[in-house]
Amino acid sequence: MLNLKPESRKAQEGNKKVVLAGCVPQAQPRQDYLKGLSIIGVQQIDRVVEVVEETIKGHSVRLLGQKKDNGKRLGGARLDLPKIRKNPLIEIISINTGCLNACTYCKTKHARGDLASYPIEELVDRAKQSFQEGVCEIWLTSEDTGAYGRDIGTDLPTLLWKLVEAIPEGAMLRLGMTNPPYILEHLEEMAKILNHPRVYAFLHIPVQSASDSVLMDMKREYCVADFKRVVDFLKEKVPGITIATDIICGFPGEMDEDFQETMKLVEQYRFPSLFINQFYPRPGTPAAKMHQVPAAVKKQRTKDLSQLFHSYNPYDHKIGERQRVLVTEESFDSNYYVAHNRFYEQVLVPKDPLLMGKMVEVNIYEAGKHFMKGQPVSDARVYTASITRPLAKGEVSGLTEEFRHAPQNGSNWKAHPSAEIPVKTLFSSRMALQLLWPQEGLKILSISLALLAVLVTFYYGGM
């Protein structure tokens with residue numbers, strides 16, 4: 001968890017206007033260091049413009065309430081609000097907020113509350129509108145995607161089948177994190193969905209510990225056998241699937257034998273993607289009041305698990321393979337473009353502008369711990385995954401009435417060869433957006449959204 005005190009104090013001392021957002025200020029708004037600062041609650045993102053405007057005027061604004069409709073808690077801000085995508089090719093859609101668990105170490109539940117799911121039709125509309133703006137990859141996110149719909153009488157597979165119908169040829173859907181309890185009853189359907197050619201065969205399933213006694217203290221509501229059942233079933237039914245997981249080292253009460261069970265689990269499954277976290281007691285959580293594992297022990301266990309994780313290379317056997325990959329971003333060192341194959345494994349390709357946003361075939365010639373390198377096949381056909389030209393970086397996305405009357409049958413949307421990108425719909429949609437939003441309003445909105453994106457990324461990233 002990030003320490004917000006010195007950051008906010010430093011900004012105030014420099015006469016900067018400060019707006020805080022995310023789970024930390026939402027869960028603990030009465031902390032001394034938050035006095036006099038503006039705060040945007042986790043469900044109030046749609047009011048960012050007025051908060052920024054009032055803060056600039058010297059006022060302190062706090063919007064921390066929950067959105068409700070006839071007394072029923074809503075998922076949060078509307079999905080069709082104008083926004084600026086960090087990557088014009090990738091749309092991130094939150095399908096629900098809150099969760100059904102009460103994990104003893106988690107602060108997010110304090111801020112986001114119980115499960116609140118967005119209606120299927122709103123999520124599908126948002127996906128279709130994103131494709132109309134040139135997006136070629138959608139990420140579904142939430143605190144627990146597997147719990148989706150339990151509060152509104154539906155479930156995750158039902159949503160996913162509706163979304164799959166809307167995905168154009170060449171575009172891809174990536175599922176977010178799901179806890180073991182809520183995926184167990186849908187294993188058969190989930191396997192079918194993860195085998196769909198427009199869905200990445202990838203799933204993030206946090207285990208946190210391989211000790212049932214530790215899981216009980218965490219109140220995770222599953223046992224290690226449940227986790228193994230999910231992973232084993234999906235590995236059998238979805239050959240090659242990537243399973244990512246999380247582990248907390250040094251949770252209160254974790255004994256050496258508990259940690260060794262976790263080491264055995266990692267050795268058994270050799271997860272290609274493993275998020276290792278050294279336990280930190282969040283103030284106000286039950287786990288913070290438990291008997292703590294000594295800091296030196298937590299540090300050593302984290303080191304031991306990290307060494308085990310780095311002792312194997314998950315992609316060496318894939319050298320020589322011919323893979324189909326979707327190119328969506330630039331590498332951190334700016335030397336390559338980043339693509340992902342069917343299993344959402346990272347493949348670095350030459351930095352050729354003609355490849356960005358394209359579905360291409362590559363020959364794998366090198367592999368590292370977290371990536372492979374691929375050379376485009378010269379005789380393979382290159383597809384543009386987007387059905388229209390993507391928005392420019394920093395351009396505002398927004399739902400228009402014209403979009404609501406666009407073709408609704410996703411099966412009729414086809415990928416276009418790289419030389420054929422329709423622009424008629426693009427032009428008319430942006431023209432309508434400019435008519436709806438005056439130029440000054442767009443300027444303020446852009447600044448506000450950019451500010452909020454930085455704040456949320458900075459603060460929420462510490463949760």
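Of note:
- Electrostatic tally near residue 281: other residues with Cβ closer than 14 Å to its Cβ, Lys and Arg +1, Asp and Glu -1, net +2.
- The mean sequence distance of close C-alpha pairs (under 8 Å, at least 6 residues apart), as a share of the length of region 160-291, puts its relative contact order at 24 percent.
- Segment residue 333-residue 236, extension gain: residue separation times 0.36 nm, minus the distance between their alpha carbons: 31.3 nm
- Between residue 363 and residue 380, the simple spin-label model (points 7 angstrom out along Cα→Cβ) gives 1.1 nm.
- Heavy atoms of residue 306 accessible to a 1.4 Å probe, total area in Å² rounded to 10: 40 Å²
- Modelled FRET efficiency - R0 45 Å, residue 150 with residue 275, Cβ distances, 0.05 increments: 0.95
- FRET efficiency, residue 78 to residue 102 (Cβ-Cβ, R0 22 Å, nearest 0.05): 0.20
- For the peptides 343-349, 285-291, 134-140, the ranking by packing is 134-140, 343-349, 285-291, with the highest mean count of neighbouring Cβ atoms within 10 Å listed first.
- Long pairs among 83/318; 298/351; 298/369, criterion Cα-Cα beyond 31 Å: 83/318; 298/351
- Full extension of the chain segment joining residue 260 with residue 192 gains 21.0 nm, where the gain is 0.36 nm per residue of separation less the Cα-Cα distance.
- The Cβ shell under 9 Å around residue 40 holds other residues with a net charge of +2, Lys and Arg each +1, Asp and Glu each -1.
- Added length on full extension, which subtracts the Cα-Cα distance from 0.36 nm per residue, residue 311 to residue 31: 96.5 nm
- The HN-Hα couplings worked out from phi for region 276-287 by the Karplus form 6.51 cos²θ - 1.76 cosθ + 1.60 (θ = phi - 60°) are 9, 10, 7, 4, 10, x, 6, x, x, 9, x, 5 Hz, whole numbers, x standing for Gly and Pro.
The values are calculated or read from the model by the stated rules, or taken from the named source; none is laboratory data. Here the structure is a predicted model, which means the values were calculated and not measured. So basically every Cβ, Gly included, is an ideal-geometry build from the backbone, and we count neighbours across all protein chains shown. When the accessible area is computed, the model is the full protein with side chains, heavy atoms only, and any ligands, DNA or RNA have been set aside. Shrake-Rupley method; radii C 1.70, N 1.55, O 1.52, S 1.80 Å.
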